[in-house]
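See structure below.
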Amino acid sequence: MPITEVEGRRIKVSHLERVLWPETGTTKGELLHYYASVATGLLPYVSGRPVSFVRTPDGVDGKRFFQKRPPAGTPDWVTVSQSVRRSGEFMEQVQVNDLPTLMWAANLACVELHTPQWRADEPGVADRLVLDLDPGDGCTVVDCCRVALLLRERLAEDGIEIWAKTSGSKGLHLLAALRDATPATATAYAKRVAQELEARHPDRVISRMTKAARSCRVFIDWSQNSGNKTTAAPYTVRARPTPTVSAPLSWPEIAAAHTPDDLTFTLADLPARLSVEGDLLAPLLDPARAAPLPPH
C-alpha cells in the first residue's frame, strides 16, 4: 500500500483510482485532491469540533454508513475527543484539525463531514446558529433563496448577522455566530423564528416536521441546533449522484438566483471559486460578529 507524507505525517493511501461517483467517473484520488485544495477554507469550520462522517467505501451507489466513533485503525496522531451525549454516555469522536487528518479521512472514503454547533471543549456552549432550508415538493433552492432573504431581515431585527451556503443537496444552510448561548436556547430561538416566518408567509414557509405538509413550501429546519444534531460542514462533498459540494454563497448570488443550476457546485468548481472569491463565510469566524440571542 503506497505511503504518502503530509506535513510530516505518514499516511497509507489506497485505490485512488476507485470510482466513487459512477455518474461522473469521479475517483477517490480526485476526492483527496479536492480536500487538499480547499483545506485552508474548510479546516477552520471543523477544527476543534467532533466530526461525524458519511462513508461510501464502494462508491455513492453502494453501501454507505454514518460513522461517529473513530474508525478502526485511527492513527495515534489523530486528535480524538470525548463528548457527553444526551444519554450521559461519553462518546469518542475524531477532530479534523489539520490537513493530515483530512487526507487520512478522505482515503477512508469519508466523503461527507458533519459537525455540531458546539466545540469539543465546550459542549454546553452553542457558538453557531443554523437554519436549514429544505424545499418541499414543487419547490427548489431558488424558493429557499427567497426565504433566506426574509430570514436575513428577520434576524437583523435581533442584531444577528447570517451567512449562507448551499447544503450541497437541495437547499440552503444559514449560519450565524453566537455568544452566551446554549444548544437549548439556540434551538428555542430558531424554532420561534421559523414559526414567526410561517405565520407571516404560510403559503411559502413551514416550520413543522410533518413531511406531508411541506408541498410547495420551504421547511425551516430549526432542530439542527440541538446538541445531538450535526450539519454538513462548509466545503464538504456530499454523497449524491454527482459530487456536489456545500458551497459558501454571497447575498448578491442568492438574490440573483433564477435556477437551481445557478447554485450548484461540484468538487471540480470549488477550488477555483475559493481562490477567486475567497472564503465567503469568513465573517462567521470573526469573534466580533458573534451576537447574543434576544431575551425570550
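The values are calculated or read from the model by the stated rules, or taken from the named source; none is laboratory data. All of these numbers come straight from a predicted model, not from anything done at the bench. Note: ideal-geometry Cβ built from the backbone for every residue, glycine included; neighbour counts use all protein chains shown.
Worth pointing out:
- Criterion violated by Thr210 - all others in (1) over 25 Å from Arg119 (Cα atoms); (2) of a type outside the set (Asp, Glu); (3) in contact with a Gly (Cβ under 7 Å, 6 or more places away or on another chain) satisfied: (3)
- Extreme residue, farthest from the chain's Cα centre (by Cα), among residues of the stretch 238-296 that are closer than 28 Å to Arg192 by Cβ and hydroxyl-bearing (Ser, Thr, Tyr): Ser250
- Selection count, the stretch 104-131, where residues are outside any strand (DSSP E or B), at pLDDT 95 or above and not hydrophobic (A, V, I, L, M, F, W, C): 4
- Check on Leu197, in contact with a strand residue (DSSP E or B) (Cβ under 8 Å, 6 or more places away or on another chain) and closer than 22 Å to Tyr235 by Cβ: no
- Test for Gly159: is it outside any helix (DSSP H, G or I), modelled with pLDDT of 95 or more, small (Gly, Ala, Ser) and surrounded by fewer than 19 Cβ atoms within 10 Å (Cβ to Cβ): yes
For every residue, the table says whether it meets (1) surrounded by fewer than 20 Cβ atoms within 10 Å (Cβ to Cβ); (2) under 20 Å from the mean Cα position of the chain (by Cα); (3) of a type in the set (Asp, Glu); (4) under 11 Å from Ala109 (Cα atoms).
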| position | (1), (2), (3), (4) |
| --- | --- |
| Ser14 | yes, no, no, yes |
| Thr24 | yes, no, no, no |
| His33 | yes, yes, no, no |
| Ala36 | yes, yes, no, no |
| Leu42 | no, yes, no, no |
| Ser47 | yes, yes, no, no |
| Val54 | no, yes, no, yes |
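- Among the residues listed as Ala186, Ala156, Ala164, the single one being closer than 12 Å to Arg128 by Cα and aliphatic (A, V, I, L, M): Ala186
- Residue match in the stretch 1-12 (condition: over 28 Å from Leu284 (Cβ atoms), touching a residue at least 40 places away in the same chain (Cβ under 8 Å), crowded, with 17+ Cβ neighbours inside 10 Å and in contact with a Pro (Cβ under 6 Å, 6 or more places away or on another chain)): no
- Strands (runs of 3 or more DSSP E) within the stretch 1-71 that include 2 or more residues touching a helix residue (DSSP H, G or I) at 6+ places or on another chain (Cβ under 6 Å) and of a type outside the set (Ser, Thr, Tyr): 9-12
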